[in-house]
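*Asks:* Okay, here's the structure, questions in a sec.
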């Protein structure tokens, strides 16, 4: 009796999934009009970057893709693998130079930055600022000095109690009001700083979790060997704590990438912003489904690449596994 | 005979009113092996942890290799002592993220500013001495407890200490791993190292110790040569403890 019921349910589910898959496929191929995506690929990639200079952000992104592939699939146990972390870090200043210009390149204003380039730049920039800040906050929260401990705790709790969008509005709209007239901080920079200030509070809690997992005997062992408190932190405690915090930090990085889409509400034309302005164009009116599906695919691709890289880093940093 | 460690009237209490150390005085002479025994909670671990400043004192004073340490000591005084006094813990406390070689060379390179090549060469010598030279490139988690403890001894020796403190070095080991660690310590004692060893290993105490100190409730009950202590202990409390140890 039960077996027949099981078979019936299985059949029904299979039919439902089949029907859903078929109609989706049918729509994807016949129903959808992908011209809104195909004709605007450069816009999605680099925004309104001057056409003759588009190669600059493209070079940067191709570099990122190559580096990702090299890191994940490149041959193991070869000398240049040691240079990979340096190459990754170097991508930030190189990207900035390619976008800003100067030093032989034509300067390009930040209002012409956009698309995936801007999304990646916001993510990378705020992540690189937020990590050291988060580590300092986590250490501050565990400090023996009451003033340092209280102010770190207050900062973390305050930031976690405020929605990100409020922090971003504060960064974009309120900070300029407080600055003396004439002094203007760049819009993209304001966004990066606001993002970093917000993310640092969450990163601090992840790092604190890692710090708490290190038994106090590790610090004792370091002290007994004559290491100074700073050396013990730098050489013994932090390397272990950050490794433990890595999975949660990956989570934060993926969240950061997705949250950059909030900048569209503030007028930055990153990936979501550029899509919204395309949808406002009469030529592409009503093409919501195509555009948002395309966006979902791009975000998914970026997040998956980040998750894979993080997983790779975890394996690399696991001493026992990488030693085998 | 020169004195390596002189303790005068040491007092330490974790909880107000309860003294973990209650007026402990003793001398450790250079080249001597002093074994400290006593029931758990008797203050023996606390005592040797005061010798390198891991436990700050509440009273009394210490003279470690001519350096003074008391309740009002400063961080730099403690660090000067730690550079000349090695310590081995019950739980090994190796750094899990560093290879065996890096565990041993970390302090010589970072604290004593020795050249990397020289520090590594010395580390290999010490590992050889401990009988685990082939483990140099592995990580702590890949070694047995006995091997890890021998690495910990090598790590402490890498700073060329004049005194070695052992805080129950075999208590966390599987029984069949105890001997290899005790052998390494025997070898060290034969080489003339000044050692203070907190342990429950009666055989080691009988064979290697120059003197045995028995502690109870934060006080020194007696200090005797091992022969007297094991066959004819002066104090009732020592005899009772030994009786329990031998079932």
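*Asks:* At q = 0.09, 0.10 Å⁻¹, what log₁₀ I(q)/I(0) does the protein assembly as shown have when each alpha carbon counts as one equal point scatterer in the Debye sum?
*Replies:* -0.85, -0.94
*Asks:* Sticking with this one: What FRET efficiency comes out for the pair residue A:170/residue A:147, r = Cβ-Cβ distance, R0 = 22 Å, nearest 0.05?
*Replies:* 0.30
*Asks:* Residues of region A:201-244 with backbone nitrogen within less than 14 Å of a virtual label 7 Å along the Cα-to-Cβ line of residue A:314, please, listed as ranges.
*Replies:* Under cut-off, by backbone N: A:243-244.
*Asks:* Then there's this: Roughly how crowded by other chains is peptide B:136-142, in terms of the mean Cβ count from those chains within 10 Å of each of its Cβ atoms?
*Replies:* Rounded to a whole number, the mean comes out at 3.
*Asks:* Just the number: Rg to Rh for region A:121-239, Cα atoms, Kirkwood Rh, two decimals.
*Replies:* 1.09
*Asks:* Another question, if that's okay. Within region B:129-143, find all residues whose amide N lies under 20 Å from a label point positioned 7 Å from the Cα of residue B:190 along Cα-to-beta-carbon.
*Replies:* B:129-133
*Asks:* So if we plug the beta-carbon distance of residue A:296 and residue A:39 into 1/(1 + (r/R0)^6) with R0 = 22 Å, what FRET efficiency do we get, rounded to 0.05?
*Replies:* 0.70
*Asks:* Right, here's the next one. For region B:160-207, what is the convex hull volume of its Cα atoms per residue in Å³?
*Replies:* 79
*Asks:* Taking neighbour counts of Cβ atoms within 10 Å as a proxy for exposure, in what order, fewest first, do B:240, B:12, B:179, B:110 appear?
*Replies:* With the fewest neighbours first, B:240, B:12, B:179, B:110 line up as B:240, B:179, B:110, B:12.
*Asks:* A further question follows. In what order do B:73, A:26, A:312 fall by count of nearby beta-carbon atoms within 10 Å, going from fewest to most?
*Replies:* A:26, A:312, B:73
*Asks:* Note the angle between two axes, namely the Cα long axis of helix B:236-245 and the longest principal axis of the Cα atoms of chain B, as a number of degrees from 0 to 90, rounded to the nearest 10.
*Replies:* 50
*Asks:* If I model a spin label as a point 7 Å beyond the Cα along the Cα-Cβ vector, how far apart are those points for residue B:77 and residue A:22 in nm?
*Replies:* 8.8
*Asks:* Looking at the square roots a ≥ b ≥ c of the eigenvalues of the Cα gyration tensor of chain A, which shape do they give, rounded for a/c under 1.5, prolate if a/b is larger than b/c, or oblate?
*Replies:* oblate
*Asks:* Using r as the Cβ-Cβ distance of residue A:87 and residue B:61, and R0 as 56 Å, what FRET efficiency do you calculate, to the nearest 0.05?
*Replies:* 0.50
*Asks:* Shifting gears a bit: What is the gain in length, in nm to one decimal, between residue A:305 and residue A:212 on full extension, counting 0.36 nm per residue of separation less the C-alpha to C-alpha distance?
*Replies:* Stretched out fully, the residue A:305 to residue A:212 stretch lengthens by 30.5 nm.
*Asks:* Right, next: Using alpha carbons only, how many degrees (0 to 90, rounded to 10) separate the axis of helix B:116-129 from the longest principal axis of chain B?
*Replies:* Between the helix axis and the principal axis of chain B, the angle is about 60 degrees.
*Asks:* A follow-up question, please. Any idea how far apart residue B:225 and residue A:248 come out in nm if each label point goes 7 Å out from Cα toward Cβ?
*Replies:* Here the modelled spin labels are 6.0 nm apart.
*Asks:* While we're on this one: Length gain on complete extension for the stretch residue B:171 to residue B:8, per 0.36 nm per residue less the alpha carbon to alpha carbon distance?
*Replies:* Extra length from residue B:171 to residue B:8 when fully extended: 55.8 nm.
*Asks:* Something else: Exposure proxy check: B:102, B:63, B:9 ranked by fewest other beta carbons within 10 Å?
*Replies:* Exposure proxy ranking, most exposed first: B:9, B:63, B:102.
Laboratory data are not the source of any read-out in this text; all were calculated from the coordinates shown. Note that the structure is a prediction, hence the values are computed from the model and not measured. Positions of Cβ are backbone-derived with ideal geometry, glycine not excepted, and every protein chain shown enters the neighbour counts.
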